[in-house]
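Reviewing the structure listed below.
The values are calculated or read from the model by the stated rules, or taken from the named source; none is laboratory data. Just so we're clear, the structure is a prediction, and the values are computed from it rather than from any experiment. Neighbour counts are summed over all protein chains in view; Cβ atoms, including those assigned to glycine, are modelled from backbone coordinates with ideal geometry.
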Amino acid sequence: MTKEQVEIYEYCKKHLEELEIESKNSTFKRQKYGCGTGSPTITFNLERINQDMYSEIFEAVNKAKNSIQKIIDEL
């Protein structure tokens, strides 16, 4: 493993251990993201939400444009 991979592994291992300890002592469970938890990272989730919103906005603009074009064509 490279030095960078070792650092990432050690960070993730420490992070997961802290989450495990915290979850044992906490009434409210904290969501685990990334670092080998099987959950997607927060960044991935935010990018997906952003892309979904952009797609919906783009579709709405296209529908509005088509509606306006139909009205113009009828005139």
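Six or more apart or on different chains, Cβ atoms under 6 Å: show the pairs whose first residue is in region 9-26 and among the polar types (S, T, N, Q) and whose second is in a helix (DSSP H, G or I).
Filtered contacts from region 9-26: no entries.
Scan Ser55, Ser26 and give me the residue that is among the hydroxyl-bearing types (Ser, Thr, Tyr), surrounded by 10 or more Cβ atoms within 10 Å (Cβ to Cβ) and modelled with pLDDT of 85 or more.
Ser55
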